[in-house]
């Protein structure tokens, strides 16, 4: 079976390209597990001009992101451009060269899915996040006015503010809706993305399959014990809808209730713009018990999580956040907002605690509840780990994906056969 992937990740070729790319770890993990079972090629965006190359059994086709110079880059930011339509021609050239039996597009947020308008090759789209809904939740607790008021001036001067991001989201969401309309097959992971797909592509076939996590998270187990100061942990990113302001409000409530804790936040630095905006939007001083760890690589993140007592996922919208899944598979007790697909990952009161997104009072209460009865928290972490080990089992996921590929190809073959039979019947009828 010859399969062509389209992905934002360079997969296992990132070291070859000197990317040291930490994102999209599930793509690398999936590629590692499936590359000896299919004839695999991968198309991805890259910042430099690089010829196609082969590493091991996989062929890689880098597509240079934006083909013009610095003036174009500045103009693109000022006008909130997204990837240009002429990239489609590059994608189609690769398709013509590879001649795949099946195309697998990872994500709806890039233009990759538009190739379905021009080719008649069985195609399946994996849902990562849905920008259409993320845009809807963009200004959840941090308002448009807060962003205007508290952003750095240089962000507006260089068109890099969250207002510009929101405008780009608007354009990406419009393109995404078009991709949904053309797509006949989707792979998702949660009740949330299944329901969203039903709305945006009501006649499409939906398949359920999970993601393989980064390899290091399968090798360790959290030894839950509470001695001394409570350590809370959150992995986040520089987006308005990730709920950082809820963390700040929750921390102040914990301070008021004399909880002895430290809240460690990976993925952000103290001087990041989102930290400034979120802190000022709360109209209160930021707790001195919050510590920003910056970006952590895979190994450092594992070790940091193992030293924590409770993981807190504060987002206003998610599909199936790998950060929560990684904490779960280690066995860390978890508190998460019931946002998007998180209720498909964590069973409330059995595998952790789910709270309303944007509610710092419920979040602080959940932290205090687990802190006061930590053996119960440990049991929740154990239950969450057991389900996560099954949910993210590499062999099960790889096998399920191959079955999905086979099903789509069989369906396409049946459609062709049915069409040929209909034409033959019509021809004989005319005779």
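A short reminder: the numbers here are calculations on the coordinates, not readings from a lab. This structure is a prediction, so every number in the text was calculated from the model and none was measured. Note: ideal-geometry Cβ built from the backbone for every residue, glycine included; neighbour counts use all protein chains shown.
Side notes on the structure shown:
- Calculated FRET efficiency for the pair residue 403/residue 239, C-beta based, R₀ 45 Å, to 0.05: 0.85
- Segment 133-252: C-alpha gyration tensor shape, a/c 1.5 cut-off, then a/b vs b/c: oblate
- Rounded, prolate or oblate (a/c below 1.5 giving rounded, otherwise prolate when a/b exceeds b/c) for segment 216-391 by Cα gyration tensor: rounded
- Distance-filtered residues of segment 117-149 - backbone nitrogen under 15 Å, label point 7 angstrom along residue 96 Cα→Cβ: 118-120
- For the chain, the longest principal axis of the alpha carbon atoms and the long axis of helix 244-256 meet at an angle near 20°.
- Shape call, segment 209-275: gyration tensor on alpha carbons, a/c limit 1.5: oblate
- With R₀ set to 30 Å, the beta-carbon distance separating residue 178 from residue 415 gives a calculated FRET efficiency near 0.85.
- Estimated distance in nm for a label pair at residue 198 and residue 167, the labels positioned 7 Å out from Cα along Cα-to-Cβ: 3.7 nm
- Residues of segment 240-270 with amide N under 20 Å of a point placed 7 Å along Cα→Cβ from residue 368: 246-264
- Residue-span extension gain [residue 47 to residue 136] - 0.36 nm each, minus C-alpha spacing: 29.1 nm
- Separation of the residue 120 and residue 227 label points, Cα + 7 Å toward Cβ, nm: 7.0 nm
- Between residue 153 and residue 55, the distance separating the two model label sites (each 7 Å from Cα on the Cα→Cβ line) works out to 4.4 nm.
- In terms of surrounding Cβ atoms within a 10 Å radius of their Cβ, 47, 249 rank from fewest to most as 47, 249.
- Proxy reagent accessibility, fewest Cβ within 10 Å first, across 231, 124: 231, 124
- Helix 87-98 vs. the chain, principal-axis angle (Cα, 0 to 90°, nearest 10): 60 degrees
- When each of 192, 5 is scored by the number of other beta-carbon atoms lying within 10 Å, the sequence from fewest to most is 192, 5.
- R0 of 30 Å, Cβ-Cβ distance residue 2-residue 205: FRET efficiency to nearest 0.05: 0.90
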